[in-house]
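Below is one structure, written out as structure tokens, with a few remarks after it.
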Amino acid sequence: MPETCAIYALTRQGLELALGLAPAVGGRIFAARSLRECLDDTPDGPEWFGSLSELLRRTFRAFDRHVFISATGIAVRCIAPLLDSKTRDPAVLVLDQRGRFVISLLSGHLGGANAFAGEVAALTEAAPVITTATEVEDLPAVDRMAAERGLALASALPVRHISAALLAGRSVGLHDPENRLGLLGGRREDLFTRLGERQAFPPDVSALPPDMPCVLVTEHDAMPASSSPLRLFLHPKVLAAGVGCKRGTPADDILKAVRKMLRDGGFAESSLACLASASIKADEEGLRRAARALGVPLLLFAPEELVRLPVTTPSAKAREVLGLDGVCEPAALAAAALLGRKERDAAAPPGHDEPGGGEPLKDENPDGNDPPGYDEPGGGGPPGREAPCYGPLSGEKLDGNDPPERGERHGVSMRPREFPPLLVPKTKGRGVTVALARFPLASYPPCREFAHAPIRTAHPRLCRK
């Protein structure tokens, strides 16, 4: 298990507890140097420290989660100078040396400390101490739910106004066309007032009641209209940018072209899910660097996987080199369809694709996602007929760091109707062409529970004396 958690032990009993806890949570142990005589040195043993405050200046940002097996006051005094904001601070727990109580001290929602406290409580049979008001009152914590569902906060400032309204029993406006938060149809749907119709675009923000706190889930960058602290914008990763470029195009030129396309279209950069191109671009360093700079994967498709997809403005050069009418537009379409389908399948109820299983996720735009010519003779056939495979090569590195290796295709087949329309057709930059497509619309299942309730398990107490 990767080491994503730092565990600090200051006493012998705390060290014994840390040794039992670390393997279960992917933790690295840091122990006071005075405890060195209690344990033989081993390559995978604790790292010894003299000053906890000095150690934390090195480790606080290096780990996503921290567990202090100590008094709460020690943890508070040591981390206080290092705190930044609720969107950047890691999760911090405090556990007493007997493992009786585990306190969620910092970043309970966005950092996941509340959920982590439940995990540690189950392992140690400790009593979790959760003090965030929404969990105490069994109300939805919108910022935590957004983080769990991969929705980026445009700003964290409105979160407290949303939570305050829920705690006060006031209605909160909600625009969530695909129910990505899972609040529509859920146990406490009555807490929210639905805004707008089921569409990808947000309602007119200026027309919303000025005193109503609102949550808006949209890929559109509505920041100019969101100056009100009552408007919480959440951005889902639903946009695929197809890129075509000349050999040796620098990353900066690709970045400028992609960002200009997003800006001109009014889309949030945090909603970008991937860059996509043709497999012949596997060794383009500029393309790979651009994907890394944007923090998204790079998907590459073989020419035969792109040839049947529509192109609004054919390119003579692409036809000459690849036998294609274009690269950026079909790559955007293929990536949006592939990732959109994977996302929907991951969110579907268990057994939805089995005989007698649950209902599949609904296609909210069954007729609007068909490519040109779909209903024409030879245009792709009826919805039940499988189209050729449209997917990246199986050896592909999706982190944007390495070029893909050639290999067999994933075998992810799609019906023609599953390809979304282009949001932004091909636009040109300096040696770059880009196009943008959105994942097909879908309805996500409601979230039945939203307050974290740790589940006790049969695990024996770790190192409890």
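Which value in nm describes the separation of the simple spin-label points at Thr312 and Arg194, placed 7 Å from the Cα toward the beta carbon?
Distance between label points: 3.2 nm.
Once ligands and nucleic acids are excluded and a 1.4 Å probe is used, how much of Asp64 is accessible, expressed in Å² to the nearest 10?
Looks like 100 Å² after rounding.
Sort Arg288, Arg170 by accessible area with a 1.4 Å probe, largest first.
Sorted descending by solvent-accessible area, the residues read Arg170, Arg288.
Could you state the per residue volume, in Å³, of the convex hull enclosing the Cα atoms of the range 2-138?
Spelled out: Cα convex hull of the range 2-138, divided by residues, is 103 Å³.
Just to verify a number: what accessible area does Glu343 come out at with the full protein assembly present, 1.4 Å probe, Å² rounded to tens?
50
Using the beta-carbon distance between Glu37 and Arg57 and R0 = 25 Å, what value does 1/(1 + (r/R0)^6) give for FRET efficiency, to the nearest 0.05? Write down the numbers at each step before the final one.
Details: r = 26 Å, r/R0 = 1.06.
The formula returns an efficiency of 0.40 here.
Sort Ser53, Ser70 from largest to smallest accessible area, using a 1.4 Å probe on the heavy atoms of the protein chains.
Ser53, Ser70
At what distance in angstrom do the alpha carbon centres of the range 226-292 and the range 59-88 lie from each other?
34
Just read off the accessible area of Arg247 with the full protein assembly in place, 1.4 Å probe, to the nearest 10 Å².
150
Evaluate the Debye formula for the range 250-317 with equal point scatterers sitting on the alpha carbons, no solvent, and hand back log10 of I(q)/I(0) at q = 0.11, 0.18 Å⁻¹, in q order, two decimals.
Computed log10 I(q)/I(0) values: -0.30, -0.80.
Once you have a ≥ b ≥ c as the square roots of the Cα gyration tensor eigenvalues for the range 143-190, tell me rounded if a/c is under 1.5, and otherwise prolate or oblate according to whether a/b is larger than b/c. Before the final figure, lay out the partial values.
On the way: a/c = 1.88, a/b = 1.05, b/c = 1.79.
Because a/c hits 1.5 or more and a/b fails to exceed b/c, the range 143-190 counts as oblate.
Net charge near Leu294: determine it from the other residues with C-beta under 9 Å of the C-beta of Leu294, scoring Lys and Arg +1 and Asp and Glu -1.
Every neighbour counted, the sum reads +1.
Among the listed pairs Lys260/Lys281; Lys237/Lys260; Lys86/Lys256, which are separated by more than 25 Å between their Cα atoms? Please report the intermediate quantities before stating the final value.
Numbers: Lys260/Lys281 22 Å; Lys237/Lys260 18 Å; Lys86/Lys256 30 Å.
Violating the 25 Å limit, Cα to Cα: Lys86/Lys256.
Give me the net charge of Ala278's neighbourhood, meaning all other residues with Cβ under 11 Å from the Cβ of Ala278; Lys, Arg count +1, Asp, Glu -1.
-2
Under a Cβ-Cβ cut-off of 12 Å, what is the net charge of the residues other than Glu269 that fall near it, where Lys and Arg count +1 and Asp and Glu count -1?
Value of the local net charge: +2.
The values are calculated or read from the model by the stated rules, or taken from the named source; none is laboratory data. Because the structure is predicted, anything quoted here is derived from the model rather than measured. Every residue, glycine among them, receives a Cβ derived from its backbone with ideal geometry; neighbour counts consider all protein chains shown. We work out accessible area using only protein heavy atoms, side chains counted, and drop any ligands, DNA or RNA first. Shrake-Rupley method; radii C 1.70, N 1.55, O 1.52, S 1.80 Å.
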